[in-house]
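Here's the structure, in structure tokens; my notes come after.
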Amino acid sequence: MEAKYGDMWELYMGSERQIWVARNEIIEKILASSTKTNYFNKGSYKEGLDEIQQHCSGISMNRDVESWRFYRKCMTNSIMSQSFLEKYHDTTQNLFGDMTCHWLKLGRNTQIDLAQWLPRFTTELIMITSSNQKTNLLDTYFNQLLRKDEKVKLKLTKSEKRSEEFLYHLCTTLRVFQYLTMFPQWLRHYVPGFKKHNDYCIEHQKRLRAMIGEVLHERKVEIEKIPKDRNIRPDFLSTLLTINTERSHVSITKEGLARPLTEDEIQAIIIEILLGGVQKTAHSICFIIYYVCRNPQVLEKLLIEITNVIGSELNSSIPLEKLDQLVYCEAIILEASRLASVFPINWKQAADTDEIGGYNWKAGTVFYLHHQGVNMSSSINPNPKVFKPERHLIQVQSKGSTEVKVNKKRSYIFSRGIHMCPGRYMAMIQMKTFMVLLLSKFEVSLVDEHASLDTTFDIVNQCKEMKIILNPKPGVLLNSFSRPSKLARLYQLARQKNGKSLSQN
């Protein structure tokens, strides 16, 4: 469309008129930072989102400015605090050790599908840091791989089934959003076939919320048992459950909103955090590893930076404060996002009439912001198809010396304006930490170096398959990854008895 009609064109989705924009200066105007912006709402009103309470809860699709401010304040007080980010960083490193332990047990030169491992890794990471509860998704998936061997006849346990069910409902959420927003209410409610799928989508969301509700109830009971003269652990979930209560360490006193959060509101916030991690961060890491593996000169520069900033000791932990110094690492993240954006499109609705691109538009006009079109514009990014992290670096004069820094204004990775992602610090910590740990400790290569990215689109770009082969580098202590696994031991006995090797995952 852009090649034929330029950087502005219109489409009709049913009866809705959509104005698509791929011009940087227009997008920057629409993505203003003030809550008084003419473009607060993300698209037109959709009845389907009311059916799953998304228009009045959370921050992504909330159309009420006052409640949006309240929820955003609750969220930022929870996930942007220094204590939370430190815990998130530590847990990322610990979980990476658990996951690589599983990989090593699968054997050298085994194919690892990051598109399967990383959503589980990120879900478990967020659940541990937010509620101190493990989903055991990594263990469950590892056990599933072992069960592929015909000699291992162990059934999926109840807890493993529950873990996979949780992940399935979570990963289905964006498809649910897509269906509920694409089709009008009368079609979804009364036309056979459409109604059946609509009921299926609603049931998915009910089940996901019920599973999160059980976690909330367990934590609420724990809090009630803590004596009032003792402090409550300031984790993400505890903060949401106690905010504006006598047990809270955080108070939001904005007029009319100085109240505790309801359970439905907390569920909506948790779903948004999980979706941001699983659907954005996990798939972004897949794209990053893909481009780094295809560009050995980039990998070489990254490893030099890691050695200069972190050190050459392969078995030591990564200090959180060192991550900000990984400038080239961040440039790689931004460049991978430019070429393979997880969120290539954003959408906004004009509250009042406005002049955009030399035309006057009436109130209610919906603008689709085509970020990927801007990313691939040769006038903004020369040789746009070339993977070149250096395009995101700038030289800045500071105290008489020149420093190389990241030009973050070039990227839409976390959006911009008032809807900028509140989980951006979490995401950057996870992506940088994962890159450093994986690429400094292992020799990593793509199974098929000539294959294109295998993706699918459900509101966001998702990696369907991302197979790599990895082997520990000399000097990496393998026992630092070891962790007992009952099923692994049973498998090893079966393999020794039958003289078989594990099938590739």
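The values are calculated or read from the model by the stated rules, or taken from the named source; none is laboratory data. Quantities reported herein were computed from a predicted structural model and do not represent experimental measurements. Don't worry about glycine lacking a Cβ; one is built from the backbone with ideal geometry, like all the others, and counts go over all protein chains shown. Accessible surface areas use protein heavy atoms only, side chains included; no ligands, DNA or RNA. Shrake-Rupley method; radii C 1.70, N 1.55, O 1.52, S 1.80 Å.
The packing ranking, built from the mean of other Cβ atoms within 10 Å per residue, places the peptides 341-350, 326-335, 290-299, 194-203 in the order 326-335, 341-350, 290-299, 194-203, highest first.
Per DSSP H run of at least 4 residues, take -39500 (n - 2.57); add these up for the chain, divide by its residues and hand me the 222 nm value, nearest 500 deg cm²/dmol.
It lands at -15000 deg cm²/dmol.
Taking only protein heavy atoms and a 1.4 Å probe, the accessible area of the chain is 51% carbon and sulfur. Cysteine residues of the chain whose Cβ has no partner cysteine Cβ closer than 4.7 Å: C56, C74, C101, C171, C201, C293, C329, C421.
Take each of the peptides 399-408, 164-173, average the number of other beta-carbon atoms within 10 Å over its residues, and list them starting from the highest.
Highest-to-lowest ranking by the protection proxy: 164-173, 399-408.
Local charge sum around F343 (other residues, Cβ-Cβ under 14 Å, Lys/Arg +1, Asp/Glu -1)? The answer is +4. Packing, taken as the mean count of other beta carbons within 10 Å per residue, orders the peptides 6-12, 225-231, 19-25, 266-272 from highest to lowest as 266-272, 19-25, 6-12, 225-231. Taking a quarter of the surface of the Cα convex hull of the chain gives a mean projected area of 27.9 nm². How high is the relative contact order of the chain? Use alpha-carbon pairs under 8 Å, at least six apart in sequence, and give a whole percent. For the chain, the relative contact order is 26 percent.
In this structure the chain gives 47 Å² per residue of accessible area when probed at 1.4 Å with all protein chains present.
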